[in-house]
Structures are given as C-alpha cells and as structure tokens.
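Asker: Please read through the structure below; I'll follow up with questions.
The values are calculated or read from the model by the stated rules, or taken from the named source; none is laboratory data. These figures come from a predicted structure and were not determined experimentally. Please note: Cβ atoms are built from the backbone with ideal geometry, for glycine as well, and neighbour counts cover all protein chains shown. Just so you know, the surface numbers come from the protein's heavy atoms only, side chains and all, with ligands and any DNA or RNA stripped out. Shrake-Rupley method; radii C 1.70, N 1.55, O 1.52, S 1.80 Å.
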Amino acid sequence: MPVQEVPWRWLRERRESRALVLVVVFVALLLDNMLLTAVVPIVPTFLYTTEYEGAKSSATPDHVESAPLPSRAPPFSSLFSYFDNTTVTVTMTVLDDSANGTAQQVNTTERSSLPRTPESSCLEGDEFLANENVRVGLLFASKALVQLVVNPFVGPLTNRIGYHIPMFTGFSIMFLSTLMFAFSGTYTLLFISRALQGIGSSFSSVAGLGMLASVYTDDLERGNAMGIALGGLALGVLIGAPFGSVMYEFVGKSSPFLILAFLAVLDGALQLCILQPSKISPESTRGTPVVTLLRDPYILVAAGALCFANMGVAMLEPTLPIWMMQTMCSPKWQLGMAFLPASVSYLIGTNLFGVLAHKMGRWLCSLVGMVVVGISLLCVPLAKNIYGLIAPNGGLGFAIGMVDSSMMPTMASLVDLRHAAAYGSVYAIADVAFCLGFALGPSTGGAIVRAIGFPWLMAIIGVINITYAPLCWYLRSPPTKEEKIAILSQECPMQTKSYPAQKPQRDFPLTDESDVEAENAE
C-alpha cells in the first residue's frame, strides 16, 4: 500500500467511529459554553467602566474649571484611580479664613479621589448598578431568546438533511459571534453578538445531541455518552468564567474572545475531517412532529425539570456579580471565580450520574437533584464573602449535573418508547427548555432584584425547584406506545400499527456504504 494512502484510509475508518463523533460534540459544547460564561464577569464591569466612569470622568473637567482659581500657584498631587488605572491630578489650595467655603470644597474633592481601602472599596453609583441589573440581564437573556425562536426550526431540519451540515453551520456562526465580542465596545454591539451566539448554539446543540442519540441506541451507552458530552458543557462553564475574568483583568477585554476564536477554527477543522458537512444524510425514520411531542405530558415533565433547574444558575449569572460588587466589594477577578465551585461540581455530577442515574433510576436522580438545587439557592444570600459562596454554588452545580445527566437521556428514551425514533425534534424541545430557563432567568431576575432584592430572588427560584421536584415521580415508568394502543383497541377495536421501542443499530451514516445499508433496511 502506498504511504500516501495510509492517512486517507485512517481518516475513512475514523469517520465510522462513534467515539470521534462524541469528541466532535464534546468540543462543540465546550467552546459554546466557554463563550457563554466568559462574558459573565466581563460585561458588568466593562459597562460600569465605559459608561458610568466614562460619564463621570467627562463631567469632572467642567467641575474643576467652574471652581474659583486661587491667587497663588497651587501644588499638584497625583492620585491612583482604582478602576481605570489612570492618574488624576487634584488641585491643593491654601486660602485665608475668608475663603473657608472654597477650601472645604477642594478638600472634599481630594478625599473622594483617594484610593479606596479594602473596607470601603465598594463601587459608587448605586442607582446605576440597580439599572445595570436589568440591562445586563436582558443582554444575557438575548442568546436564549433567539435560541428559543430558532430551535423549533432546527429540529425538523436535522430530520430532513441530517446532523452534519447544521453542526458546521453552528460552528461558523459561533466563530463570527466570538469575533464580534472581541471588538464590540458598546452595549448594542454586545447585545447583537450575544443574540448571534444564540443562533449558532441552536444549530450546534440540537444537531450534536441528536447525533449522539442516533449513534448510541443502547440506553446505557447513550446515558454514558450524554454524560461525557454534558461534561464538555460543564468544562466550558468551568473554564469560561474564571478564564474571562482573569484575562480581562490582566490582559484586556479582547484577549479571551480572540483565544476562543482560534479554538473555534480548530473545531471547524475537526468537523471538516470527521463529519463531511457537505453531505446530506437524512434520518431513516420519519420524525414525530414537534407539536405532537409537545402534547406528550412525560416529555413536558422532563423538559420542565431541565428548565427550572437551569433557571437557578441563569438568574445567578447577571445578578451575583453585581451583588458581590455591592455587598462584598469584590475585585474583578473574583466575579468569575465565584462560579468556579459550581462549574467543578457540575463537571463531577454529569460524569458521575451519567452512569449512576441508570442504576438508581433517572426519575429519582432528577427529583433529588431539584431538591438540592432549591436548598443551595436558598443558601446563596447567606454568604458574607467569596468563601461563603463555595458550598452553595458547589451544591448547585452538582445538583444541576444530576438533573441534566438524567433528563437528557430520558428525552431520547421517551421518544423511543412512545414515538418514532428520530431525535432532532425532541432535542430541540430539550434545548428550548434550557433556553426558556436562560431567557426568563436573567430577564426577570434583574427586574426582581431591583424591586425586592437579591435574597428574595434566590428564595423564589429555590422554592419553585423544591415544589416542582415531586413531578419527576411520573417519569418512573412511562407507558410505551404499544401499551397505549392496546388500551385504545380494547375500547374501539381497529387495525393498528406498532412501532418498535428502538430502531436497529447501524453504523454512523458517514460513508456511502452505510447509507445504502440504511436504504435497504427500509
């Protein structure tokens, strides 16, 4: 065999490997969620620095010019500004007793410009920060809102043209969004960048999870694969917020996004090699319409668990950094590090319960997880410093990992049992549930914090999770489609057609031979 044919033969063999498909989905979810969380610690402080401090600094020269000038030549004193690292020149005057009022005014300006001590280093502009809760919440929610609109179209699209082209489309849009984040300097451009990311995420997540469900048809293997893929999501969340805050603090705003754009290019190259995104590979089974799936109460219960569990952390993303800035006087690098315990525990939870949930019962795993989510959220406002956030955020991430790793395979199992085994539409619904949580969470969370305060927000979403948890009991043993047809046939005898619980396992449709086999099987 010629030497030059060896790489091509290896590549053809790898294209039939389910493990490499899992790697592609893992990397796509990793980068998407790194971008998702990298902006969390950057946006609040960036808007504060550019808008509040920018407006304040532009007004300062007018104030200085309007003050009466002394008759003597004044000395000058250079002071260090805590936020923008610039030198502020303050005029020091010594006046006689007849000008005490003017002297008092100048001295007051000097004291307000001194570097803040750790005890009094909280940010100024309480009204600006209160309004920023709402604006930052809407910006974060824009991704989920757009994703919410796009998902119902992406699910049926994957049933018609396959998963490969939507996956690559998602990569391309995410790459463009990342570059826009790097060079956006206003709230409007950041909003557009975040919304554009929602379109890319919709294509990547629906196509990626549907691809895994179609490749891993065994329930146990599917659960393990979903756990690993969600581990990529968890790792992205784990790295994103600390990575963004540290790079923003010590290098600059554009640096984390440029690095993510470079990694996205590598992901695109991997997809070109493995998935052949120019090839149309429709599902062999005609998918159940989304409307039909939405009428299934068991799918709705599973989707509700995903929505409310993730809504808790979605409400924390825009509100926790601002609450820390107001109450803990935290520096910028701590705003991202506060999410580190949740990210680490989520990574552990998804990988651990990807296997354990199948043994203990996915319904029970999800029920316990939602209760722990509620308790953890109730404990968040009790923290007095960043160290007090370790336990509640760690419990929150671990519990959400339990829910996600249980409910994502359950969605595919419900389709196998009760509908036609095509997974694009059901994972569009699962992604809609995620997006609903990440849309309602930030958008309503900021308004609730402004109205009644951060502790009450945590209490509300915590109680909602604990109240919803018992509904997971209904997922203990959902009836199959055959059982439903049998019940109907007793009441009204008729000729029926039954669908198997699982379609026959076949090779991943990346080669012409596997497509021919799928057509012959039909």
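Asker: Just a yes or no: is a residue in the range 384-405 within 30 Å of T292 (Cβ to Cβ) and outside any helix (DSSP H, G or I)? Reasoning before the result, please.
Answerer: First pass over the range 384-405, keeping only residues within 30 Å of T292 (Cβ to Cβ): 400, 402-405.
Keeping just the survivors that are outside any helix (DSSP H, G or I) gives none.
Among the residues of the range 384-405, not one is within 30 Å of T292 (Cβ to Cβ) and outside any helix (DSSP H, G or I), which makes the answer no.
Asker: Tell me whether the range 501-512 contains one or more residues that are at pLDDT 80 or above and in contact with a helix residue (DSSP H, G or I) (Cβ under 8 Å, 6 or more places away or on another chain).
Answerer: No, the range 501-512 contains no residue that is at pLDDT 80 or above and in contact with a helix residue (DSSP H, G or I) (Cβ under 8 Å, 6 or more places away or on another chain).
Asker: Going residue by residue through the range 273-285, is there one that turns out to be modelled with pLDDT of 85 or more and in a helix (DSSP H, G or I)? Let's see the steps before the verdict.
Answerer: Within the range 273-285, the subset modelled with pLDDT of 85 or more is none.
No.
Asker: Only residues that are farther than 16 Å from V432 by Cα and either of a type in the set (S, T, N, Q) or part of a helix (DSSP H, G or I) (or both): list them for the range 152-169, please.
Answerer: Applying the first criterion (farther than 16 Å from V432 by Cα) to the range 152-169 yields 159-169.
Of everything in the range 152-169, those that are farther than 16 Å from V432 by Cα and either of a type in the set (S, T, N, Q) or part of a helix (DSSP H, G or I) (or both) turn out to be N159, R160, I161, H164, I165, P166, M167, F168, T169.
Asker: Is it the case that K497 is basic (K, R) and either part of a helix (DSSP H, G or I) or modelled with pLDDT of 90 or more (or both)? Let's see the steps before the verdict.
Answerer: Working: basic (K, R): yes; either part of a helix (DSSP H, G or I) or modelled with pLDDT of 90 or more (or both): no.
Here the answer is no, as K497 does not meet what is asked.
Asker: I'd like to verify a number: residues in the range 325-357 that are aromatic (F, W, Y) and in contact with a Leu (Cβ under 9 Å, 6 or more places away or on another chain), how many?
Answerer: Step one: list which residues in the range 325-357 are aromatic (F, W, Y), which gives 333, 339, 346, 353.
Going one step further and asking which of them are in contact with a Leu (Cβ under 9 Å, 6 or more places away or on another chain), we end up with 339, 346.
The number of residues fulfilling the criteria is 2.
Asker: Assess whether R160 counts as being closer than 27 Å to R18 by Cα, in contact (Cβ under 8 Å) with a residue 40 or more places away in the chain, out of contact with any helix residue (DSSP H, G or I) (no Cβ under 8 Å at 6 or more places or on another chain) and among the basic types (K, R).
Answerer: yes
Asker: All but one of (1) over 20 Å from P41 (Cβ atoms); (2) open to solvent by 40 Å² or more (accessible area, probe 1.4 Å); (3) at pLDDT below 85 hold for G185, so report the exception by its number.
Answerer: Tallying (1) over 20 Å from P41 (Cβ atoms); (2) open to solvent by 40 Å² or more (accessible area, probe 1.4 Å); (3) at pLDDT below 85, G185 fails exactly one: (1).
Asker: Could you check A420 against (1) within 26 Å of the chain's Cα centre (by Cα); (2) under 22 Å from V154 (Cβ atoms); (3) modelled with pLDDT under 80 and say which number it fails?
Answerer: Here A420 clears every test but (1).
Asker: Could you please find all residues in the range 415-468 being open to solvent by 10 Å² or more (accessible area, probe 1.4 Å), among the aromatic types (F, W, Y) and touching a Gly at 6+ places or on another chain (Cβ under 9 Å)?
Answerer: Y468
Asker: Under 8 Å between Cβ atoms, at least 6 apart or on separate chains: pull out the pairs that start in the range 34-63 with a residue that is at negative phi and of a type in the set (D, E) and end on any residue that is at pLDDT below 75 and open to solvent by 60 Å² or more (accessible area, probe 1.4 Å).
Answerer: E53/D84
Asker: Output the residue which, of all residues in the range 306-339 that are part of a helix (DSSP H, G or I) and in contact with an Asp or Glu (Cβ under 8 Å, 6 or more places away or on another chain), is surrounded by the most Cβ atoms within 10 Å (Cβ to Cβ).
Answerer: Only one residue tops the list, namely A309.
Asker: Would you please list the contacts, defined by Cβ atoms under 7 Å and residues six or more apart or on different chains, that run from a residue in the range 294-323 that is within 21 Å of A338 (Cα to Cα) to a residue that is open to solvent by 10 Å² or more (accessible area, probe 1.4 Å) and not basic (K, R)?
Answerer: N310/F434; N310/F438; M311/L440; V313/A342; A314/F438; T319/V449
Asker: Pull up the range 426-484, narrow it to residues that are free of Cβ contacts under 8 Å to residues at least 12 places away in the same chain and either touching an Asp or Glu at 6+ places or on another chain (Cβ under 8 Å) or not in a helix (DSSP H, G or I) (or both), then point me to the one that is farthest from L148 (Cα to Cα).
Answerer: S477
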